Structure formats: C-alpha cells, structure tokens
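Reviewing the structure listed below.
The values are calculated or read from the model by the stated rules, or taken from the named source; none is laboratory data. Just so we're clear, the structure is a prediction, and the values are computed from it rather than from any experiment. FYI the Cβ positions are ideal-geometry reconstructions off the backbone, even for glycines, and counts take in every protein chain you see.
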Amino acid sequence: MANDHDLLLELQTGSLEALGQLYDHHHRMVFRTALGITCDADAAADLLQDVFLRLHRFSDHVDPDRPLEPWLYRMTANLAYSWVKRSSRWLCPFEEITDWLANARRSLVHEAVELDEDWQSVSQAISTLPVQQRVVIVLYYINGLSLQEIAEILAVPTGTVKSRLYYGRETLKKTLGIVSNERLSDLQCEFT
C-alpha cells in the first residue's frame, strides 16, 4: 500500500488511480467530519466528493512532504462551514447522523442500527451549537485532533480554538445536563 506522500506525487502527475487510493484512505474521515458539521448525510456525501475533486484540481498546491490529513480537514471544515451558512436548515436529521456515526467503522454506511438515547441527545445538542463551535467540537471530540492541529486547520489562533471549545462544551453540558467534563470525555468514545 502506497503512502500519502507517494500518492500525492503520482496525483500531481495526473494519476486518477492515486486519487482513488487517497480517497480510499481518507473518505471516512472526510465524511465523518462533514457529517458532524452539517448534520446532513446528503450534504456530507456531496462535500466528500467536493473535497476530493478539489484535491485533484489543486494537487499542485498540496505539499507532498507535509501530512495530507490537515489539508483534508481544513478543506472539509471550510466547505461544511460554507454549506451551513448557505443552508436554511439548522435542524439536523438526527437519525441519519447517528446511523452513520454508529456505523463509521463499517463499510456500509446505511446499515440500520438501534440508536442509543444518549447518542440521540448528543447529536441533537451538537446540531444546536453555532457552526464555529460545532466545527471545533467535531474536530476535537469526533476526530480526536489536538488544539494545535485544529488551530492550524482552521487558520486561527490556538486561543480562539480553546475559546470555541470552552463555550461549545459549556453549551453541551447545559443542554445535556452534564455536571463534569469527565462525562464529556466519555462521549468521545460514543462518537468513534
């Protein structure tokens, strides 16, 4: 299996096979991120395609010596953020997001799953967050990125990420009736 560096070099020469392999390596992460931010499975699927089309189109601007995932996170977050701003739909189809996230490690995204009440509450609470807080919560809790990685992806200071994470947590704690941050950390396990 080729690594991202080699695949990016191939992609920069026009190899669609390299693009397909990069897609195979990273599509779940991109879809999960887009779904967490948009709360819309159809939009996340469209954004998934858009991210990889942009990777193909702008492959010459991607440095193969740097990790690809931050670029993919940034592109996904930016496109999802734009989608949320354009969309008049602030309410999330909760069954779709919870179905997909519960099946994230399976190959068939649309398998039926019995949903947990806690998970439904969490997904509903996340969907009510302002989009800037939602992006940080998704990148931090669902994708497990560090504050520094999120700051680099979003091109904002680490302090801004900390602030958005803090206010997002506070809102989630109030919405979910959580008393301590320990329970919020437990929720990270439910996302993955």
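For this structure, a couple of remarks:
- Just one of the listed residues (18, 43) is part of a helix (DSSP H, G or I), modelled with pLDDT under 95 and over 19 Å from residue 130 (Cβ atoms), and it is 18.
- Taken across the range 33-48, residues that are surrounded by fewer than 22 Cβ atoms within 10 Å (Cβ to Cβ), out of contact with any His (no Cβ under 8 Å at 6 or more places or on another chain) and within 16 Å of residue 71 (Cα to Cα) do not occur at all.
- Residue within the range 182-191 that is at pLDDT 90 or above, surrounded by fewer than 16 Cβ atoms within 10 Å (Cβ to Cβ) and small (Gly, Ala, Ser) present: no
- Selection of the range 1-41 for residues being over 23 Å from the mean Cα position of the chain (by Cα) and over 13 Å from residue 52 (Cβ atoms) yields 1, 2, 6, 9, 10, 12, 13, 14, 15, 17.
- Counting the residues of the range 57-73 that are crowded, with 16+ Cβ neighbours inside 10 Å and in a helix (DSSP H, G or I) gives 5.
- Filter result (more than 12 Å from the chain's Cα centre (by Cα) and at pLDDT 55 or above) within the range 65-95: 65, 66, 67, 68, 71, 82, 83, 84, 85, 86, 87
- Answer residue from the range 55-86, given it is polar (S, T, N, Q) and in contact with a helix residue (DSSP H, G or I) (Cβ under 8 Å, 6 or more places away or on another chain) and is nearest to residue 153 (Cα to Cα) among those: 76
- Helices (runs of 4 or more DSSP H) contained in the range 105-170 and holding at least 1 residues at pLDDT 90 or above: 131-137, 147-154
- Test for residue 81: is it assigned to a helix (DSSP H, G or I), touching a Phe, Trp or Tyr at 6+ places or on another chain (Cβ under 7 Å) and surrounded by fewer than 19 Cβ atoms within 10 Å (Cβ to Cβ): no
- Listed by first and then second residue, the pairs with beta-carbon distance under 7 Å, at least 6 apart or on different chains, first residue in the range 120-138 and farther than 17 Å from residue 158 by Cβ, second part of a helix (DSSP H, G or I) and among the hydroxyl-bearing types (Ser, Thr, Tyr), are 120/98; 123/98; 125/175; 128/175; 129/171; 131/81; 138/33.
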